[in-house]
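The values are calculated or read from the model by the stated rules, or taken from the named source; none is laboratory data. These numbers were taken from a predicted model, which means no experiment stands behind them. Counting neighbours? That spans all protein chains shown, and the Cβs are built from the backbone with ideal geometry, glycine included.
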Amino acid sequence: MSLMMWTEKYRPRTLDEMVDQEEIVARLKGFVKTKNVPHCLFAGPPGTGKTTAALCLAHDLYGENYHDYIMELNASDERGINVIRETVKTFARSMAIGEVPFKLLILDEADNMTADAQQALRRIMERYTETCRFILIANYSARIIEPIQSRCAPFRFTYLKPEHIAARLKFIAENEGVELLESGVKAILEVSEGDLRKAINTLQAAASLGKPIDEEVVYSVVGRANPAQVREMIELAMSGKFIEARQLLRELIWRYGVAGTDLIRQIHAQIFKMDIPDRWRIRIAEAIGEFDFRLVMGANEEVQLSALLARLAEFGQLMGRGA
Amino acid sequence: MAHELWTVKYRPRTLSEVIGNEKAKATLLEWAKAWKEGRVPEKKAAFLYGPPGTGKTVTVQALANDLGFDLIETNASDFRTEEQIERLVGPAAFSYSLFGKPKMILFDELDGITGTADAGGLSAIMKLIRRARCPIALIANNPWDPRFRPLREMCLMVEFKRVSSREIMKLLQRICEREGIAADREALAFIAKRADGDVRSAIMDLQAVAQGRKRLTYDDVAWLGMRDRKKEIFRVLGNVFHAESCSRALSATREADVDLDMLFEWIYENVPRAYKDPREVARAMDALSKADIFKGRIIRTQDWGLGRYVTTLMTAGVALAKEHKPGFVRFQFPERIRYLARGKSERELQMAIARAIKRACHVSTREAREKIIPYLRVIFQNNPEMAAGIARWLGLDEEAINFLAADKKKAKQIISIVKGA
C-alpha cells in the first residue's frame with residue numbers, strides 16, 4: 001500500500017493522463033503545440049481538475065523541470081495587495097530562459113483576492129505579458145473583476161461524471177490492493193458530491209481501516225472526519241442550551257483550531273441539512289450572513305460566533321423547539 | 001518631604017534591616033565576603049529570584065553598602081543589546097581598580113529582557129560572567145524561563161520567599177512609630193495579611209491609608225479590601241446586570257477601577273448565567289457583538305476614542321437587553337481566558353501541519369484544515385503504517401504526529417515506524 005496521499009500519487013502529470021474535461025484538455029494541448037498560452041481563467045467547483053490542468057499544462061510546456069518556470073500562489077493564504085505587488089511582480093518581470101519565452105504564474109483561489117489586489121494584479125498582467133502568463137483559478141468567476149475576466153481566456157470546469165469518478169476510484173483501489181465493494185463506491189460518490197479530491201481522500205481514509213470497503217465503512221469514515229460537533233452545537237443552541245453550545249464552540253475553536261470563517265460556513269451548510277422548515281431556513285441564513293460579515297469587522301471570532309449561537313437559541317424558541 | 005515614597009524613605013541601608021529571607025541573606029553574605037577577601041568563589045554570579053517585593057534588590061544594595069562595594073546597577077529600562085551591556089558595565093567588570101572601591105554589578109529585572117528586541121542580551125551577560133573579575137548579581141521573578149537555563153547553570157541560585165505577615169507587621173509598626181502614627185494592631189495586621197508576602201506593596205498601602213494621620217484604626221484600612229480584584233469585579237458585574245437604566249450601567253464602570261478588556265470578558269462569560277430568556281441572551285450577546293465590532297475598528301484605525309462605544313454597548317447595551325430582573329447570579333471566571341492560555345499552541349500546530357500539506361498537495365492552508373486534516377486524523381488513528389508513510393512524506397515532526405493521532409500509544413507506534421525506515 002502506498003505511503004503518501006493518494007490525491008498526489010494519482011494526480012495526472014500530463015495532459016494526456018487527464019481523462020476528464022475533454023474539451024478543456026484539447027484546447028490546452030493546442031497551447032502546448034503552438035508554445036503560446038494566453039492568460040487563462042479556470043473556473044469551476046472544487047475537485048474538478050483545475051489545479052491539475054494547470055500543472056499538466058506547465059509540465060507539457062516546459063518538460064520535467066517545469067517547476068523552474070512556474071510559481072504557484074494561493075490567494076487565500078496570500079491575499080494581501082503586498083503579495084501581489086512584491087512577490088508576483090518580482091516573478092513576473094524577470095525573463096524566462098529557454099524555448100518558451102514566458103513563465104507561468106498559477107494563482108489558485110483567485111476569487112479570494114480583495115478588489116484592490118485584483119486591480120494591482122490587472123496592471124501587472126498587462127505590463128508583463130511578454131515575460132509572464134497568468135492562470136487564475138477560481139470557484140466563482142463572478143468574483144473576479146470584469147477587467148481581469150476580459151483579459152483571460154475562460155475555461156469552465158464542470159462536475160465530473162459519477163462514472164468517471166467511480167472508474168478512478170476502482171483503478172486506485174486495484175493498484176493499492178484494496179478491496180472496494182460496489183456499495184462502497186456508491187457511498188463515496190454520494191458523500192463526495194462530484195469532488196474527486198474528496199472522493200480519493202475518503203477512499204484512502206476508508207482503506208486505512210484495513211477492511212473491505214463497503215457502505216458502512218465509508219459512512220463511518222465520513223462521520224469521523226466530519227465530527228457531528230457543528231450540528232450538535234447548532235442543535236444545543238436551538239434547544240435553548242446556550243451555555244453548552246458555547247462550550248462546544250470553544251472546543252472547536254481552541255482545541256481543534258477550526259477557523260471562525262470555516263465554522264460559519266459549516267453552520268450555514270448544516271442549516272440546510274437539518275430538519276428545519278424552509279421559511280425559517282431563510283431567516284436563519286440571513287442571520288448567519290450578518291454574523292459572517294461581523295466576523296470580518298470584529299476583533300474576536302468567538303464573541304461573534306457565540307452571538308450567532310444566541311440568535312439561533314432565540315430562533316429555536318420562536319420555532320417552539322426549546323426545552 | 002511629604003511626597004517622598006515610604007518605600008524609598010524606609011529602604012534598608014544595611015543587611016540587618018532587610019526583613020525575612022534569613023537563609024538567602026546568609027548565603028549571599030558568604031559569597032560576597034569571598035570576593036571581598038580576594039577569593040573568587042566557585043560561582044562568580046549570584047542569581048536572586050522570587051516574587052516581587054520580597055527584598056531581592058534591596059538585599060544586593062545593602063550587601064554592597066555593608067561590604068564597601070561600588071554597586072553598578074542596571075535594569076531592564078537601560079540595558080538592551082549586547083553592545084550596550086558591554087559599554088555600560090564592561091570597564092567595571094574586566095579591570096581591577098587599584099584605587100577606589102571594588103565594584104559589584106547588578107542586572108535587575110532580567111524578566112524584561114526579550115529574545116528579539118534585546119538581541120544577544122542574555123548571551124552578552126553570560127560572556128561577561130565568564131570573564132568578570134568582580135561579583136555579578138542577577139535578579140528575576142521567574143528563573144525557570146527556558147531562556148535562563150544556560151545562565152542558571154553558571155550562577156549561585158538564591159531563592160527569595162514571600163515574607164511572613166508577622167515580619168511585615170513588625171516593619172509597618174516601626175514605620176508608624178517613626179511617622180508618629182498610633183496604629184491599631186488589627187489595622188496593621190489587615191494590611192500585612194493582604195500584602196501576601198510582598199513587603200513593598202504593604203508599605204505602599206500603609207502610606208496610602210496612613211499618611212498625615214495621627215491614628216489608624218481598622219475602619220480606616222478596611223476600604224483597601226475593595227481593591228481586591230475579584231470582589232471589585234463581582235460588584236461591577238452585579239451593577240451591570242441589575243442596572244435598569246443606561247446611566248446606572250455606565251456608572252458601574254466609571255466608579256470602579258477595573259480593566260475594561262477584562263470586564264468585557266467577565267460580562268461575556270456571565271451573560272447566559274445572569275439572563276435566562278433566550279431573547280434576552282440574544283439581545284445582550286448582540287450588544288457584545290457590536291461592542292466587538294468597535295474593538296475591531298479600534299484595532300484597524302488605532303482610534304482609541306471609539307472605546308467609549310465599546311463601554312456603552314457592553315454595559316448599557318447588556319443591561320437593557322433584559323425584561324426580567326435577574327436573581328442572584330453565581331459569577332464565573334471567564335473560560336475564554338483559560339482557553340486562550342491553553343489552546344494557542346494546538347492551533348499553531350494545526351497551522352504548521354496545514355502549511356506542510358499546502359506545500360505537498362497544491363491547496364490553501366484553509367482547504368488543508370477543512371478537507372485534508374480530518375481524513376489524516378482518521379488515517380493516523382487507524383493505520384500506523386500508512387500514517388508513518390504520510391508523516392515522512394509531509395515531513396511531520398513528533399508533535400504533529402501526536403496531534404493527529406490524538407493518542408500517545410498510537411503516536412509512539414507511528415513515530416517508531418518513521419524512525420525505523
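Of note:
- Top-ranked residue in segment A:162-192 [being assigned to a loop (DSSP other than H, G, I, E, B) and among the aliphatic types (A, V, I, L, M); ranked as surrounded by the fewest Cβ atoms within 10 Å (Cβ to Cβ)]: A:Leu181
- Count of segment A:77-99 residues which are surrounded by 18 or more Cβ atoms within 10 Å (Cβ to Cβ), touching a Lys or Arg at 6+ places or on another chain (Cβ under 9 Å) and either among the polar types (S, T, N, Q) or outside any helix (DSSP H, G or I) (or both): 1
- Residues satisfying the stated conditions in segment A:283-323, i.e. aliphatic (A, V, I, L, M) and more than 18 Å from B:Lys276 (Cβ to Cβ): A:Ile284, A:Ala285, A:Ala287, A:Ile288, A:Leu295, A:Val296, A:Met297, A:Ala299, A:Val303, A:Leu305, A:Leu308, A:Met319
- Whichever residue in segment A:241-294 is surrounded by 14 or more Cβ atoms within 10 Å (Cβ to Cβ) and of a type in the set (Phe, Trp, Tyr) and, among such residues, is nearest to B:Pro272 (Cα to Cα): A:Phe242
- Taking segment B:275-285 as the range and being surrounded by 24 or more Cβ atoms within 10 Å (Cβ to Cβ) and more than 7 Å from chain A (Cβ to nearest Cβ) as the test, the residues that pass are B:Tyr275, B:Ala284.
- Meeting the requirement of 2 or more residues that are within 8 Å of chain A (Cβ to nearest Cβ), the helices (runs of 4 or more DSSP H) wholly within segment B:312-421 are B:335-361, B:373-382, B:384-394.
- Test: residue in segment A:196-206 that is within 14 Å of another protein chain (Cβ to nearest Cβ), part of a helix (DSSP H, G or I), without any contact (Cβ under 8 Å) to a residue 24 or more places away in the chain and small (Gly, Ala, Ser): yes
- Condition check for A:Met233: more than 9 Å from every other protein chain (Cβ to nearest Cβ), surrounded by 18 or more Cβ atoms within 10 Å (Cβ to Cβ) and of a type in the set (A, V, I, L, M, F, W, C): yes
- Any hit, segment A:30-45, residues being surrounded by fewer than 18 Cβ atoms within 10 Å (Cβ to Cβ), within 14 Å of chain B (Cβ to nearest Cβ) and in a loop (DSSP other than H, G, I, E, B): yes
- Looking across A:Val230, A:Val222, A:Val218, A:Val296, one residue alone is within 28 Å of B:Ile298 (Cβ to Cβ) and of a type in the set (Val, Ile, Thr). It is A:Val296.
- Count of residues meeting criterion [of a type outside the set (A, V, I, L, M, F, W, C) and modelled with pLDDT under 90] in segment A:180-214: 4
- B:Ala189 being more than 17 Å from B:Tyr10 (Cα to Cα), touching a Lys or Arg at 6+ places or on another chain (Cβ under 8 Å) and not basic (Lys, Arg): no
- Complete set of residues in segment B:249-268 that are at pLDDT below 80, closer than 16 Å to B:Gly317 by Cα and either among the hydrophobic types (A, V, I, L, M, F, W, C) or not assigned by TED's automatic domain parsing to the domain that holds B:Ile293 (or both): B:Ala252
- Those residues of segment A:1-29 which are within 13 Å of A:His59 (Cα to Cα), touching a Cys at 6+ places or on another chain (Cβ under 9 Å) and either assigned to a helix (DSSP H, G or I) or not basic (Lys, Arg) (or both), in sequence order: A:Pro12, A:Thr14, A:Leu15, A:Asp16, A:Glu17, A:Met18, A:Leu28
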